[in-house]
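Colleague: Let me give you the structure first, and then I'll get to my questions.
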Amino acid sequence: MKKVIVSACLLGEYCRYDGKTKRVNGIVDAYKGYEIIPFCPEAPLFGTPRERIALVATETKIKVMTEETKKDVTALLEEEILAFCHKHTDIDAIVLKSKSPSCGNQTTPILYANGEVMQLGDGIATQIFKKKYEKIPFYDETDLE
Ligand code: SF4
């Protein structure tokens, strides 16, 4: 059976930072016949609801920082996402939530240290997935609405 990774909040899980969901009803229909693998790296690490996180550009790299308490959670997220990839090697499609610091695909704000938007880019999970799942088609919910 083919397999698709889908951001869990798009499947109706209440795993967003604010405790809400972003369910998109068409996704399950669009992937009838596929095994749907829910993915959310933030909820298991930080709980729900939780402090917002954001991508912040530094001189050397883009980090993932908590917005209020200014903690660097990059390594924690990288470890969580790599462990997920290790478990799920045989994937046929990926549908991720747009604009998220984890899941966005060229839609996530990358901030300067002062909070201003520098540019849009990939969330941390999308950056890793693009290396691990080369040649797999990536979509976000706006492609399926
Ligand atoms: S966008 Fe990604 S990290 Fe954020 S709640 Fe949805 S699945 Fe979890």
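Colleague: Restricting the search to the stretch 30-66, which residues are modelled with pLDDT of 95 or more and of a type in the set (Asp, Glu)?
Modeller: GLU35, GLU42, GLU51
Colleague: Hey, another quick one. Which ones in the stretch 96-132 are crowded, with 19+ Cβ neighbours inside 10 Å, touching a helix residue (DSSP H, G or I) at 6+ places or on another chain (Cβ under 9 Å) and in a loop (DSSP other than H, G, I, E, B)?
Modeller: Correct list: LYS97, SER98, SER100, PRO101, SER102, CYS103, GLY104, ASN105, ASP122.
Colleague: Hey, could you check the stretch 1-20 for residues that are open to solvent by 50 Å² or more (accessible area, probe 1.4 Å) and in a loop (DSSP other than H, G, I, E, B) and say which is farthest from the ligand (Cβ to nearest atom)?
Modeller: MET1
Colleague: State the number of residues belonging to the stretch 49-95 that are assigned to a helix (DSSP H, G or I) and buried (at least 16 other Cβ atoms within 10 Å of the Cβ).
Modeller: Here the count works out to 7.
Colleague: Quick check, is GLU141 open to solvent by less than 60 Å² (accessible area, probe 1.4 Å), within 20 Å of CYS40 (Cβ to Cβ) and of a type in the set (D, E, K, R)?
Modeller: yes
Colleague: If the requirement is being of a type in the set (S, T, N, Q) and within 10 Å of the chain's Cα centre (by Cα), which of these qualifies: GLN106, GLN127?
Modeller: Step by step, each of GLN106, GLN127 is checked, and only GLN127 is of a type in the set (S, T, N, Q) and within 10 Å of the chain's Cα centre (by Cα).
Colleague: Looking at (1) within 14 Å of the ligand (Cβ to nearest atom); (2) closer than 20 Å to PRO137 by Cβ; (3) more than 15 Å from the chain's Cα centre (by Cα); (4) without any contact (Cβ under 8 Å) to a residue 24 or more places away in the chain, which is the one condition that is false for ILE36?
Modeller: (4)
The values are calculated or read from the model by the stated rules, or taken from the named source; none is laboratory data. Just so it is clear, the structure is predicted and the values come from calculations on it, not from any experiment. Note that we place each Cβ from the backbone using ideal geometry, even for glycine, and neighbour counts take in every protein chain shown. Ligands, DNA and RNA are excluded from the accessible area calculation, which covers all protein heavy atoms including side chains. Shrake-Rupley method; radii C 1.70, N 1.55, O 1.52, S 1.80 Å.
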